[in-house]
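S.K.: Submitted below is the structure of interest, expressed as structure tokens.
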Amino acid sequence: MIQTDRLVLPPAADADRDAIAAMNGDARVSDWLGGPIDRAASDAFVDRVMAHQAEHGFGFWAVERRADRRVIGMAGVWWVPPEMAMPDQIEIGWRLHPDAWGRGFATEAAQAALHYGFTVLERPEIIAFTARANLASQAVMCRIGMTPAPDRDFDHPRLAADHPLKAHVVFVARP
């Protein structure tokens with residue numbers, strides 16, 4: 001479990017499914033993830049997150065506010081899925097419920113995850129990627145010290161050729 005000044009990042013648990021489904025089902029969140037995410041798809045995501053944690057000992061964690069222990073999102077580091085054709089890469093990521101946006105929680109959680117990736121996992125680099133149009137996530141990447149790696153930008157393989165989020169940018173951090 002990781003703790004910051006305002007957040008606790010424990011491994012995702014079955015008790016978090018309702019909060020994660022509410023976040024994933026919100027169009028303001030799912031629009032950046034390629035489209036609507038229903039409860040079954042959200043639960044499948046949580047299953048993948050929990051399986052990754054069980055297999056590797058790390059992954060995307062729940063993001064809880066310390067003040068009220070409410071799950072407001074997810075953040076963490078995990079192996080980039082094989083279909084992304086980025087072997088041996090650890091990705092940092094985050095998603096928060098919109099009512100937690102604009103308060104610095106994404107930056108705080110991402111900074112903690114990045115620190116974990118460098119100090120515990122001892123990774124030589126950690127990447128992040130997002131849709132070219134997702135300027136808010138790119139701003140978080142910059143705030144935590146990541147830099148653009150335009151030579152590694154790509155078209156997301158899970159999105160249709162004409163999907164508006166197909167083009168993705170890659171950012172890199174090194175210790």
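The values are calculated or read from the model by the stated rules, or taken from the named source; none is laboratory data. Keep in mind the model is a prediction, meaning the values are calculated, not measured. Every residue, glycine as well, gets a Cβ built from its backbone with ideal geometry; the counts of neighbours run over all protein chains shown. What goes into the accessible areas is simple: the full protein's heavy atoms, side chains included, and nothing from ligands, DNA or RNA. Shrake-Rupley method; radii C 1.70, N 1.55, O 1.52, S 1.80 Å.
S.K.: Please give the number of the condition residue 169 fails out of (1) closer than 25 Å to residue 53 by Cβ; (2) surrounded by 14 or more Cβ atoms within 10 Å (Cβ to Cβ); (3) not charged (D, E, K, R).
M.R.: Condition (1) is where residue 169 drops out.
S.K.: Pull out all pairs, ordered by first then second residue, where Cβ-Cβ is under 8 Å, the residues are six or more apart or on different chains, the first lies in the stretch 159-175 and is closer than 15 Å to residue 110 by Cβ, and the second is open to solvent by 40 Å² or more (accessible area, probe 1.4 Å) and charged (D, E, K, R).
M.R.: 172/152
S.K.: Being small (Gly, Ala, Ser), more than 20 Å from residue 87 (Cα to Cα) and in contact with a strand residue (DSSP E or B) (Cβ under 7 Å, 6 or more places away or on another chain) is the filter here, so list the residues in the stretch 132-150 that pass it. Lay out the reasoning, then the answer.
M.R.: Of the residues in the stretch 132-150, the ones small (Gly, Ala, Ser) are 133, 136-137, 139, 145, 149.
If we keep only those that are more than 20 Å from residue 87 (Cα to Cα) as well, we get 133, 136-137, 139, 145.
Across the stretch 132-150, the qualifying residues are 137, 145.
S.K.: Within the group 100, 112, 85, 106, which residue is at pLDDT 95 or above and over 22 Å from residue 17 (Cα atoms)? Spell out the reasoning first.
M.R.: Working: 100 fails: over 22 Å from residue 17 (Cα atoms); 85 fails: at pLDDT 95 or above; 106 fails: over 22 Å from residue 17 (Cα atoms).
When all the criteria are applied, what remains is 112.
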